[in-house]
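Inspection log for the structure reproduced underneath, given as structure tokens.
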Amino acid sequence: MGVDFSAPVWYNERTLLPIRLPKGGMTLLESIHDLLGTMSPVAAVIISVAFMLFTGFAMTRLTKLVRLPNVTAYILTGILLGPFCLGLIPQTVISGMDFLSDIALAFIAFSTGEFFKLSVLKQSGLKVVLITVLESLMASIAVFLVVYFALGLDLAFSVVLAALAAATAPASTVMTIRQTGAHGDFVNTLLQVVALDDIVGLLAYSVAISIALSVGAGEVFRVGSILAPLATNLGVLLLGGLFGLFMKWLMPQKRSTDNRLIISIALLFAFCGICALLDISPLLGCMSMGTVYINVTDDDKLFKQLNYFSPPILLLFFVRSGLNFRLDALVNAGSAVGAVPLLVVGVVYFLVRIAGKYAGAFIGCLSVKKPPKVRNYLGLALIPQAGVAIGLAALGARTLGGETGIALETIILASSVLYELIGPACAKLSLYLSGSYSDKLEDLAPVEAVTPDGEKKSEVQLLIERIAKIQETIPPHTADQLANEQAFTEAAEDMYRPLPRRTRRR
């Protein structure tokens with residue numbers, strides 16, 4: 001039976017865009033929309049949050065079928081529920097959740113600090129730092145040159161958009177590495193680069209937003225416009241380090257797990273509140289807090305505990321980002337930044353950033369004399385862009401305001417969806433081409449096909465040698481693992497002993 005499109009048209013109250021639905025479907029949507037609109041503010045917020053959580057989870061069931069990351073599902077959910085599609089979430093709820101960007105990015109930045117152990121940084125040395133700086137700044141410089149000089153856009157908009165091009169999203173890359181079981185020099189370099197990458201992006205954004213505000217206010221550009229935000233970020237880093245030491249002092253070993261979670265979240269919220277009071281970004285400070293804490297305590301259990309707590313907050317943050325997505329501005333021919341259509345700006349940014357990332361990674365690896373397999377394919381794994389970039393875009397849109405801020409957030413959200421669609425596939429391709437993983441046994445455990453005497457080995461001999469080589473890579477059991485296994489065995493025996501003899505036979 002076909003769909004009857006003779007039903008009346010429902011117009012979105014914010015955009016006045018027509019949404020023609022089959023008979024019966026429009027009534028349901030109207031009922032939900034009207035019901036949320038007539039509720040008390042408290043009920044509307046609670047039900048909207050529950051609806052966002054459930055639909056975000058449901059969308060991940062669909063994206064999982066095509067092996068896309070959860071971030072993509074959350075953004076698509078927000079776009080679908082937002083005022084430019086179904087319009088099911090009231091605008092008052094969307095506006096009232098503005099604080100989520102600071103809270104979510106505080107969790108992201110704090111968890112990133114776990115990767116900055118001094119022992120790891122000493123091993124990587126300056127080589128990874130040089131690669132990270134080159135691949136980040138090359139992308140920013142390429143975007144700025146094309147957007148400002150070729151497209152002729154506003155200086156303030158071009159500077160901030162170029163700074164956002166530096167950030168990447170390590171979540172998709174890490175997920176792909178875990179799925180493939182990849183390892184080796186390429187994987188180690190990649191993980192260190194994506195961990196350091198956000199620091200460069202945060203510093204670049206802090207300088208860019210200060211320049212944009214100075215230009216927007218009509219002030220003459222001075223060197224102080226750059227030094228002032230750098231000094232501010234240095235102060236935030238120091239303050240975050242002090243919070244990390246304070247966190248360590250508040251959480252001795254005897255502290256219970258519940259209280260550790262309460263204290264850590266309270267300190268993160270307090271730090272975000274101080275930064276909001278001073279009108280500065282909490283990202284670098286939260287990253288410094290996590291870095292100091294992991295180095296003075298070596299306590300990675302807290303980070304795991306926060307990772308279990310933060311998914312609902314991150315889900316709401318990304319869904320809310322999708323709710324702010326201006327779909328009409330992206331596809332409407334009349335929407336433009338200056339004289340250039342917004343869609344053209346988005347496509348140019350999407351392509352130029354990929355080219356800049358690849359070129360910067362290639363030049364960086366070439367300068368530190370990395371092997372060809374690392375040099376040729378590292379740039380492919382740096383394409384994804386989501387968490388930090390979306391959060392910075394939200395902060396930038398709030399700071400710049402007006403149509404410029406809306407255009408900035410729209411471009412970053414649209415490109416992030418595309419990056420998350422192709423990013424995991426490109427990362428998996430780079431891991432395969434670099435030889436970091438393989439499905440073939442001979443690649444997983446290469447052995448000599450002939451004996452020292454020149455005699456060719458049989459297939460059985462080769463198989464035995466490969467199995468022995470794989471067994472050598474398996475880490476030995478630690479004392480904790482042996483103790484856990486022994487405790488599990490004793491618990492199982494205790495449960496089995498009280499059973500009657502007849503039951504045991506059965």
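The values are calculated or read from the model by the stated rules, or taken from the named source; none is laboratory data. Since the model is a prediction, treat every value here as computed from it, not as a measurement. Glycine also receives a Cβ, built like all others from the backbone with ideal geometry; neighbour counts cover every protein chain displayed. Keep in mind that these areas ignore ligands, DNA and RNA; they rest on the heavy atoms of the full protein, side chains included. Shrake-Rupley method; radii C 1.70, N 1.55, O 1.52, S 1.80 Å.
Of everything in the stretch 96-110, what is buried (at least 18 other Cβ atoms within 10 Å of the Cβ) and not acidic (Asp, Glu)? Give them in sequence order.
Within the stretch 96-110, the first condition is being buried (at least 18 other Cβ atoms within 10 Å of the Cβ), and the residues that meet it are 97, 100-110.
Those that are buried (at least 18 other Cβ atoms within 10 Å of the Cβ) and not acidic (Asp, Glu): Met97, Leu100, Ser101, Ile103, Ala104, Leu105, Ala106, Phe107, Ile108, Ala109, Phe110.
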Report task. Could you check, for the stretch 399-416, whether at least one of its residues is open to solvent by 10 Å² or more (accessible area, probe 1.4 Å), touching a residue at least 40 places away in the same chain (Cβ under 8 Å), among the hydrophobic types (A, V, I, L, M, F, W, C) and not in a helix (DSSP H, G or I)? Result -> no
Query - Candidate set: the stretch 21-72, residues that are open to solvent by 70 Å² or more (accessible area, probe 1.4 Å) and among the polar types (S, T, N, Q); chosen: the one modelled with the lowest pLDDT - result: Thr27
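Condition check ((1) surrounded by fewer than 19 Cβ atoms within 10 Å (Cβ to Cβ); (2) more than 22 Å from Leu137 (Cα to Cα); (3) modelled with pLDDT of 85 or more) across all residues:
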| site | (1), (2), (3) |
| --- | --- |
| Gly201 | no, no, no |
| Ser206 | no, no, no |
| Ile209 | no, no, no |
| Ala212 | no, no, no |
| Val215 | yes, no, no |
| Val220 | yes, yes, no |
| Ala228 | yes, no, no |
| Gly244 | no, yes, yes |
| Phe269 | yes, yes, yes |
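So if I check each of Ala163, Ala156, Ala169, which one is modelled with pLDDT of 80 or more and within 20 Å of the chain's Cα centre (by Cα)? It would help to see each step written out before you state the result.
On the way: Ala156 fails: within 20 Å of the chain's Cα centre (by Cα); Ala169 fails: modelled with pLDDT of 80 or more.
Of the residues listed, the single one that is modelled with pLDDT of 80 or more and within 20 Å of the chain's Cα centre (by Cα) is Ala163.
Going residue by residue through the stretch 323-330, is there one that turns out to be at pLDDT 80 or above and within 17 Å of Ala104 (Cβ to Cβ)?
Residues of the stretch 323-330 that are at pLDDT 80 or above, as a first pass: 323.
Filter once more, keeping what is within 17 Å of Ala104 (Cβ to Cβ): 323.
So far as the stretch 323-330 goes, yes, one or more of its residues are at pLDDT 80 or above and within 17 Å of Ala104 (Cβ to Cβ).
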Query raised in the report: Across the stretch 417-432, which residue is modelled with the highest pLDDT among those that are open to solvent by less than 10 Å² (accessible area, probe 1.4 Å) and within 13 Å of Val71 (Cα to Cα)?
Result: Tyr419
Query raised in the report: Among the helices (runs of 4 or more DSSP H) confined wholly to the stretch 50-151, which include 3 or more residues that are out of contact with any helix residue (DSSP H, G or I) (no Cβ under 7 Å at 6 or more places or on another chain) and of a type in the set (A, V, I, L, M)?
Result: 118-144
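Determine, yes or no, whether Gly346 is open to solvent by 10 Å² or more (accessible area, probe 1.4 Å) and outside any loop (DSSP other than H, G, I, E, B).
Details: open to solvent by 10 Å² or more (accessible area, probe 1.4 Å): yes; outside any loop (DSSP other than H, G, I, E, B): yes.
Yes, satisfied.
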Query raised in the report: Name the pairs whose Cβ atoms lie under 9 Å apart, with the first residue in the stretch 132-158 and under 19 Å from Leu342 (Cβ atoms), the second open to solvent by 10 Å² or more (accessible area, probe 1.4 Å) and of a type in the set (Asp, Glu), and 6 or more positions between them or separate chains?
Result: Tyr148/Asp154
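Looking at the stretch 291-310 only, could you name the residues that are under 17 Å from the mean Cα position of the chain (by Cα) and in a helix (DSSP H, G or I)?
Looking only at the stretch 291-310, we keep the residues that are under 17 Å from the mean Cα position of the chain (by Cα), and these are 303-304, 306-310.
Across the stretch 291-310, the qualifying residues are Phe303, Lys304, Leu306, Asn307, Tyr308, Phe309.
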Requested in this report: Go through (1) at pLDDT below 85; (2) on the phi < 0 side of the Ramachandran plot; (3) open to solvent by less than 40 Å² (accessible area, probe 1.4 Å) and name the single condition Leu126 misses.
Outcome: (3)
**Report entry** Which numbered condition Thr15 fails, given (1) within 25 Å of Leu418 (Cβ to Cβ); (2) at pLDDT 75 or above
**Finding:** (2)
Query raised in the report: So how many residues does the stretch 352-386 have that are open to solvent by 10 Å² or more (accessible area, probe 1.4 Å) and assigned to a helix (DSSP H, G or I)?
Result: 15
